[in-house]
Amino acid sequence: MRPDRHQLIGHGGSPSHSVEDYWWYVARSRLLETALSSYAASSRLTLDLGSADGPSAQWIRQGAAHVASLDIDPRGLGSEGVCGSAMALPFGDETFDVVSAFDVIEHCEPESVALAEVARVIRPGGAFLMAVPAYQWAWSDHDVANGHHRRYTRKRAAAAVTAAGFTVDRTTHAFAAVFPFFAAERLVRRVRGDRTEAQDIAEIPSVPPVLNTVLRHLCRLDERILRRRDLPFGSSVFVAAHKPT
């Protein structure tokens, strides 16, 4: 199977392991754990796709006996990580109890190939946890720089996962509390007409320390709600699903 386009152009690096205190990465880790950790409990063997994105899924390791890491960028992988593509996973059929793919599938074209690979390596009854960016109307030069192919609604994300043979257990938005800032920022990008190309490691917007703290604390509101119910809007979509037995 051919590697995906981003391998060919060298894109795939994440800046998260060099800026672990950036509000979005800190908040995303907490939101993912709040919304999805119950679906990954007591896993014997978990596969974390895109795991060079350092701080976002450390909580997964706390609930699994063993975690395999895979990313197309070796720079953020540990000594036990595997450098490879989600489009052709170098693992046997029905190997893992849980597979996580946090902000990975939007990089894959076609997405059906990556999701079929995920379904192939998950054991019957196993869980798939996914996060993707929300709303195609929010498409901007940021998505181009990061090598995205698409953004999602909850319905679009659930349909893609269902088409791969999974049963969806939960879909929710995240980053609702900071959504006005997100929408305004995307509007400014559109008005400015910013242009770019896919980058090896996309630049993170500079945020003053005080604002970095404020945004991180605002996301705690999302955490409180996600413990009880789904969020109807936000800049990310989270999905929990399982492979039928």
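Selection of region 80-107 for residues being of a type outside the set (Asp, Glu), touching a strand residue (DSSP E or B) at 6+ places or on another chain (Cβ under 9 Å) and in a loop (DSSP other than H, G, I, E, B) yields 81, 84, 85, 86, 89, 90, 91, 95, 104. Please verify whether residue 117 is in contact with a helix residue (DSSP H, G or I) (Cβ under 7 Å, 6 or more places away or on another chain), open to solvent by 10 Å² or more (accessible area, probe 1.4 Å) and not basic (Lys, Arg), treating the condition exactly as stated. For residue 117, the condition - in contact with a helix residue (DSSP H, G or I) (Cβ under 7 Å, 6 or more places away or on another chain), open to solvent by 10 Å² or more (accessible area, probe 1.4 Å) and not basic (Lys, Arg) - is not met. Cβ separations smaller than 7 Å between residues 6+ apart or across chains give the following pairs from region 147-171 residues that are touching a residue at least 12 places away in the same chain (Cβ under 8 Å) to residues that are part of a loop (DSSP other than H, G, I, E, B) and aliphatic (A, V, I, L, M): 147/198. Within region 203-225, the presence of a residue that is crowded, with 17+ Cβ neighbours inside 10 Å and under 29 Å from residue 121 (Cβ atoms) is excluded.
The values are calculated or read from the model by the stated rules, or taken from the named source; none is laboratory data. From a predicted model like this one, the values you see are computed outputs, not experimental measurements. Backbone-built Cβ (ideal geometry, glycine too); neighbour counts: all protein chains shown. The protein model used for the area step is the full one, side chains on, heavy atoms only, and it has no ligands, DNA or RNA in it. Shrake-Rupley method; radii C 1.70, N 1.55, O 1.52, S 1.80 Å.
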